[in-house]
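Heads up: the structure comes next, in structure tokens.
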Amino acid sequence: PTNNERYDAFVGVLRGEGLDEPPRVNGHFERPLAMEAARTLLRLDPRPDAIFCASDFLAIAAIEVARYEFGLDIGPDIGIAGFDDIAEASWPSFDLTSYSQPVVPMIEAVMNLVSGGDDQDMAAQIIVDGSLQKRGSTRRG
């Protein structure tokens, strides 16, 4: 459900900018399937300007396919972005733009909820804002 909410929000922003819903290929959070999903997208005519992945793990697989199988320069030729901002995202070999989830505030919110320090319903949805970490895998525009 969380991934569907993220996707719906992503498409909502695109539509708000007057853009169409992009092609969607599911990588099922597995490296071989993520690589095949990237190949499918990169073979499209016209090729997408960018690929947004549901996790950094999937984005790293997409970077490797784009770079080593399609000869693309990540950033200038195609943008690739991920979600989670794992440590490897900042490595120079990936330089991955990623949405960073604030892990410590998320843990604190959960601990507050389960410890009874908050009067909220245990099924409550708590949203903790993250931030976009802009790096070289995406173009500036």
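The values are calculated or read from the model by the stated rules, or taken from the named source; none is laboratory data. Owing to the predicted nature of the structure, the values given are computational and were not obtained by experimental measurement. Please note: Cβ atoms are built from the backbone with ideal geometry, for glycine as well, and neighbour counts cover all protein chains shown. Ligands, DNA and RNA are excluded from the accessible area calculation, which covers all protein heavy atoms including side chains. Shrake-Rupley method; radii C 1.70, N 1.55, O 1.52, S 1.80 Å.
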**Message:** Counting only other residues whose beta carbon sits under 12 Å from that of Asp77, what net charge do I get with K and R as +1, D and E as -1?
**Reply:** +1
**Prompt:** Using a 1.4 Å probe on the protein chains only, how many percent of the accessible area of the stretch 1-109 belongs to carbon and sulfur?
**Reply:** 56
**Prompt:** Could you give the accessible area per residue of the chain, probe 1.4 Å, as a whole number in Å²?
**Reply:** 63
**Fill in**
Longest the chain segment clear of trypsin sites (Lys or Arg not before Pro) sitting in DSSP loops (not H, G, I, E or B) with at most 16 other Cβ atoms within 10 Å runs 44-133
**About the Cα centre, charge dipole magnitude for the chain (Lys/Arg +1, Asp/Glu -1 at Cβ), debye** = 520
**Message:** Please give the Cα centre distance for the stretch 1-56 versus the stretch 73-87, rounded to the nearest Å.
**Reply:** 13
**DSSP loop GluC sites (Glu not before Pro) with at most 12 other Cβ within 10 Å: longest gap in the chain** = 70-141
**Item:** Around Ala9: net Lys/Arg minus Asp/Glu count, Cβ-Cβ under 15 Å
**Value:** -2
**Message:** Among [x] 0.98; [y] 1.03; [z] 1.10, only one was calculated for this model; which label is it, if the read-out is Rg/Rh (Cα atoms, Kirkwood Rh)?
**Reply:** [y]
